[in-house]
1. Once you compute Rg and the Kirkwood Rh from C-alpha atoms, what is the Rg to Rh ratio for region B:909-990?
2. Counting only helical runs of four or more DSSP H residues, what would the 222 nm mean residue ellipticity of chain A come to if each run contributes -39,500 (n - 2.57) and the total is spread over all its residues?
3. Computed on alpha carbon atoms, what radius of gyration and Dmax characterise region B:1-91, expressed in Å?
4. For a test of the definition: using alpha carbon positions, the gyration tensor, and the 1.5 limit on a/c, classify the protein assembly as shown as rounded, prolate or oblate.
5. Going by average Cβ neighbours within 10 Å, how do the peptides B:222-228, A:261-267 rank, with the highest at the top?
6. List A:26, B:772 from most exposed to least, where exposure is judged by having the fewest other Cβ atoms within 10 Å.
7. Taking region A:300-393 as the region of interest, what is the percent of Cα-Cα pairs per 10 angstrom bin, listed from the shortest bin to the one with the maximum distance?
8. What FRET efficiency comes out for the pair residue B:261/residue B:647, r = Cβ-Cβ distance, R0 = 45 Å, nearest 0.05?
């Protein structure tokens, strides 16, 4: 019998550009302590820790956790590309849900280098080989950053299919900047106009520089517990996880060859379906969404994949402003990966942090009115899509 | 835009008294047409008759200053209606078949009368009116005919079975008339209107009827009837403000080989292709419809097979090379597995199992079968099969085995195996499949060759070749020269199977019982190894290194515990042998022989980086050190030498150059460049010598070569991007090229480059010798070769036939392909069918005539060569220089020519620009121009709806030449689109401009 799982504490560091942050263990322990403080739970109560990061030698998780406490508890190091943070979250949730522990912490962190993502190991099979071959067949390779080619190519394919304007993609970034301007934790607080975004240097048509998430350093954490544990600690009406699912690639990611499918459209579509089914709720019941806008193109695709917009109608959805305050949903109130930043391991937990604040009504200027149900979408190529639905009564 | 007028045109509108017909009549009259308003004046169910309806419309027209006469005949008397037009206005230009009635009822309740009446009015009526007008229109060379079909016919509708049938019958009629009338400028189209009329007002709600006014349908009809409209054979849905053309869509479909029966199970298995529209096409005429079937005519010439074996797929199939390795432990385990060293003190035997033996370890030659069998077993376990061999292990018996070692096997090695299906024989009920495998050592030297003959139960019977049947290696009648007997220990099979053949039949008693054996049986290949040991002991003094090859047929089962007797006869360098189980008169191994070397062969020396021996075959000489390829690589070597930081790339690139072939390694782990094959390459690049030279000298862009399919990259594709440094490679400084001698590029050989001019000379020669071809083929072929471009005429229709360079006015069939493909095709290296279906050979006009080119295969190669030599002597210098200039050089200059043609085309056909539905701005290099409803305009258009920016002129030229599709160019980033991207999908007007 699955147990209900509550998110009783969250915390994150202000995201910073590479070179301007503390070292990973300092960021991670700060975020972890903030989450514990938020939960009003002492370190001694934590029975397991899940530490997510992509770049770093083995057992960085311990190094980070040891800054909080040396209690000898199990520490698991988690790596799942850009969905690392929510993968750690999922594992912690499963431990509580399955009755293994009463209280666990998930910490995600990343210390990134300047410039685009690259492969660190050149002497072995590239995990994205299959994906790269699809791209190779559809559009070939260029010198642009790999991820931008992949998501940009998906954007091209979408444009060709539905006749989308290039400006529509920029419009998403404009919204992200606007949202981030109210988020003190975000990397970019300055708003940008569609024209400025369009005028930034082209990375991979239709993507310009301001439509690509920046390399970022930062950390975030969440404390999860059972109902019994919450009761015992006098925690009233916490945010809880109403549903959660992870999907990995289906055959459609590779055949027939489609850039949209290759970058995880069907993973997201299936994942959303699982989450909606498990929660018994649909997109209409959700008010606020944090979704994986690593590139504007992916935010646009995700609207359709997770059912916010009908297939082919994302452009209309965007220009009608259905993705921001006053529209049907507020997507990425935090500024998203585009503007808040994207420290790979931390992103999934930073999304969680934002949504918990939103459901508690403590998101200050970013507060989405009447937020009762929140949805999180975190995607890693390679691949894994993790989606989580949060509720608060 | 000026009004579309119909002055002096005579139009017949049937059913013109009400609804749609009335609307058409009033409108055409208002634009100057003289109209015959036909209406029987009956009810919409076909009852009654009066003149009132038609008269009323005629009065209305006249009142507005127009000309019209009424006609009250039934459409079944179509000739009378047409006569009214001739009498009143002296001709007929437009027929609008609009009259119709309804007799709606469910099919269950439908009477014959309901059916017949609908057929009469709609089908017969439209036929009669049109037929009566047809001759007049053809004579005059002008006519526009409209048929009125219906959504009920196109999609079906409850209660309208009769009406649906009749309405779609009209589409069929229209489509054929469109074909028959086309040359006489008599065009036919059909409309499926949705309009509120007397016929529909009973079923549709009033507010919908209001939106479905006939006036929303008439403008389309009017345009289709206008002289400026070139539309012919179209079917349109129209109404409520919507107008759109319909067409047929066909699923990608499945092409079954027609040389054997097609089963419903195959149909079911292919259902997604038969019924799925993901890769749909839109055939627009019967030729297009037939296309897949024509393809099947070619593939019908099958080599044979059945559902278990497909010779077309399997025979000659070469699997991708696989690597495996073995060491001393594997060697020793095998030797023990075939019974070596029963006596551990037997020194010769000990050498085969003991790696620290003072004389060195020696490998039993039959071990040569183990690595490849392990690879095959592994493939089988992983489900990797050979295409066309669709049977399981349950049908297979190991029939014969041949193993040859080229030099004494090393005690450990890393091997690369190449497997090929060599032969497939039809033995009646069963089949024999012969698989050959060649294993190469790390230096690329061939070390083992195996042939595995499997007997496939129940897989024969397609009537194919039976293969060799006479027994070879039959023992002479004299007493054997040597005999050896050996008791096989009871546990021998358990030991042997550790070398890789894990089949439970050799270990599991219950499994063996299920196969009808009283206990697990010995592996045939174990007996094989034992027999080989006997030969070595008897004739090689125990030294396995003199052993060359062994061939054996597995004739009967051997059980562990039995005693195996090998009888041997020495015949020259060959030892013929047979094996029998002691006490049995039946051969366990028959038709068997071992070949011996006279002296122990030595392992070939490791290939040095210096010139390769002429191992690569015919063209190897040109690829030697003095060749242009070697020059370039020595320059690369120099560059790598002087740029040590390149080793940071840490990748090994294998270059396989073809035509002529050469292999080179650029090792950026060690910073070495050498000729040969790398032990382990990260990335393998394969391209022709000329492309490599072009690439290395900066004349060809690797990206382009890659997308053009001329550069194949396997392995780590990403790593190939790191080869950018090649651009910086400079020719080696004089004297610095000690590593590889630099010579001037080799002069062209005696024949020079082989060019189309030579092939066509061969054709000409052939036709001169076979004048009967002209009458037989009776076709004029236009060849268009691209890259570089040239045109050739092959006239097998007129006079004595001719072959010459140039273009012909009216070819029956056009064939378009690249020069390289053409040369391959004429050399028999490429199959025209395959080129055609791979989209590399485009055939226009009479497709069937392309099948008549079979005779090309029978061209006498020697005579062609002689004819070609003659041509070479005259024209080689010119031709060679033309070829060398390449496609790229000409591309830049092509744009102005294209633009001129485009302006021309748009001026001649104003409709084309309108079809775009907006203003398209182009930027092609420095050329700026726009295309819109107003035609072609130079410069930047302020009213542009979309801008297409072509990064390279070549991409634009490719698009015009239909060498690339707009979507591909867009996805590859060759076209950037700003504004309304939908307009970028309407570039049909560019097609084949030049």
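1. 0.93
2. Rounded to the nearest 500, the figure is -11000 deg cm²/dmol.
3. Rg and Dmax of region B:1-91, Cα atoms, are 12.6, 45 Å.
4. The shape class here is oblate.
5. Highest-to-lowest ranking by the protection proxy: A:261-267, B:222-228.
6. Ascending number of Cβ neighbours within 10 Å: B:772, A:26.
7. Histogramming region A:300-393 at 10 Å steps yields 15, 47, 35, 4 percent.
8. Given R0 = 45 Å and the Cβ-Cβ separation, E is 0.15.
Read-outs: derived from the displayed coordinates by stated rules, not from any lab. In this text, all values refer to a predicted model and were calculated from it rather than measured experimentally. Don't worry about glycine lacking a Cβ; one is built from the backbone with ideal geometry, like all the others, and counts go over all protein chains shown.
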